[in-house]
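Worksheet for the structure shown next.
The values are calculated or read from the model by the stated rules, or taken from the named source; none is laboratory data. Source: prediction; values computed, not measured. Every residue, glycine among them, receives a Cβ derived from its backbone with ideal geometry; neighbour counts consider all protein chains shown. When the accessible area is computed, the model is the full protein with side chains, heavy atoms only, and any ligands, DNA or RNA have been set aside. Shrake-Rupley method; radii C 1.70, N 1.55, O 1.52, S 1.80 Å.
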Amino acid sequence: MTVAKVDDKSLTLTSAVANPALLYILPNPSLAIVEKAVVEANGGTTDESDAAEKYLNKTSAGSGPTGSTR
């Protein structure tokens, strides 16, 4: 599975093989799109030093950039 940014409001998920389970996997809250600045301010990183889990277990960091529309 790969994820590619299309633009500031879109991304594309691509799978090399069909995976019908994705319909059940993708709605999982742990896969939500979050506000990067909020996560980083609370210890979020993209490596092993990530420390945002405790914060995210209790608080929402949104669902994408502030001010975005669906």
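Cβ neighbours within 10 Å, averaged per peptide: list 31-41, 3-13 in order, most packed at the top.
31-41, 3-13
Could you work out the equivalent-ellipsoid semi-axes for the chain, taking the square root of 5 times each eigenvalue of the Cα gyration tensor, largest first, in whole Å?
For the chain, the ellipsoid semi-axes come out as 23, 16, 13 Å.
Per DSSP H run of n ≥ 4, the term is -39500 (n - 2.57); total these for the chain, divide by its residue number, and report the mean residue ellipticity at 222 nm rounded to 500 deg cm²/dmol. Write out the running numbers ahead of the final one.
Values: 3 runs with 16 residues, N = 70.
Value at 222 nm, helices only: -4500 deg cm²/dmol.
If you place +1 on the Cβ of every Lys and Arg and -1 on the Cβ of every Asp and Glu, how big does the dipole about the Cα centre of the chain come out, in debye to the nearest 20? Walk me through the numbers before you get to the answer.
Values: 6 positive and 8 negative charges, 61 e Å.
Charge dipole of the chain: 300 debye, to the nearest 20.
What ³J(HN,Hα) values, in whole Hz, does the Karplus curve 6.51 cos²θ - 1.76 cosθ + 1.60 give for region 28-36 when θ = phi - 60°, with x put for Gly and Pro?
4, x, 5, 9, 5, 7, 10, 6, 3
With each pseudo-label sitting 7 Å past Cα toward Cβ, what's the V17-K36 distance in nm, one decimal?
3.3 nm
Leaving ligands, DNA and RNA out of it, report the carbon-plus-sulfur percent of the accessible area of the chain at a 1.4 Å probe.
57 percent
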